[in-house]
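Below is one structure, written out as structure tokens; the observations come after it.
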Amino acid sequence: MTLWIAIIGMGLITYAIRLVPIWLLERTTISAGWRQALRFVPAAVLSAIILPELLMPGGSFDLSLGNARLLAGLAAILVAWRTQNILWTLAVGMGLLWILG
């Protein structure tokens, strides 16, 4: 029973943490400058998550042709740029990582 209380409690806390900023921001207006800046947040967060994994597999910097993650990531970037298709990007990136790994 304690486990379920902990799970439900953490779920409520997580929900509240996400709800409070939305609730507060709906009561105010955001300037055009802030809106423009907020448009870059998803790309910045995604880059901060992915780039270390591509450049530092296993915790050490590896910028070589032996780095399968880097090669698969570069191929996925190229496919995303050329096709603008998320399914092709995922298929090429994951497929190449599987083949090289």
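Does ARG82 count as without any contact (Cβ under 8 Å) to a residue 12 or more places away in the chain and among the basic types (Lys, Arg)? Outline the logic, then answer.
Numbers: without any contact (Cβ under 8 Å) to a residue 12 or more places away in the chain: yes; among the basic types (Lys, Arg): yes.
For ARG82, the condition - without any contact (Cβ under 8 Å) to a residue 12 or more places away in the chain and among the basic types (Lys, Arg) - is met.
Every condition in (1) open to solvent by 100 Å² or more (accessible area, probe 1.4 Å); (2) β-branched (Val, Ile, Thr); (3) not in a helix (DSSP H, G or I) is met by ILE17 except one, and the failing one is (3). The residues on offer are LEU51, LEU78, LEU87, and the sole one that is at pLDDT below 95, open to solvent by 90 Å² or more (accessible area, probe 1.4 Å), part of a helix (DSSP H, G or I) and of a type outside the set (D, E, K, R) is LEU51.
Here segment 20-48 is the region considered, the condition is being of a type in the set (A, V, I, L, M, F, W, C) and part of a loop (DSSP other than H, G, I, E, B), and the residue that is modelled with the lowest pLDDT is ILE30.
Of all residues in segment 20-48, those satisfying the criterion of being among the hydroxyl-bearing types (Ser, Thr, Tyr) and surrounded by fewer than 10 Cβ atoms within 10 Å (Cβ to Cβ) are THR28, THR29, SER31.
May I ask you to list the residues in segment 60-75 that are open to solvent by less than 60 Å² (accessible area, probe 1.4 Å) and assigned to a helix (DSSP H, G or I)? ALA68, LEU70, LEU71, ALA72, GLY73, ALA75 - these are the residues of segment 60-75 that are open to solvent by less than 60 Å² (accessible area, probe 1.4 Å) and assigned to a helix (DSSP H, G or I).
The values are calculated or read from the model by the stated rules, or taken from the named source; none is laboratory data. Quick caveat, the model's predicted, so the values are computed rather than measured. Glycine gets a Cβ as well: all are built from the backbone with ideal geometry, and neighbour counts include every protein chain shown. Surface areas here come from the heavy atoms of the whole protein model, side chains and all, with no ligands, DNA or RNA. Shrake-Rupley method; radii C 1.70, N 1.55, O 1.52, S 1.80 Å.
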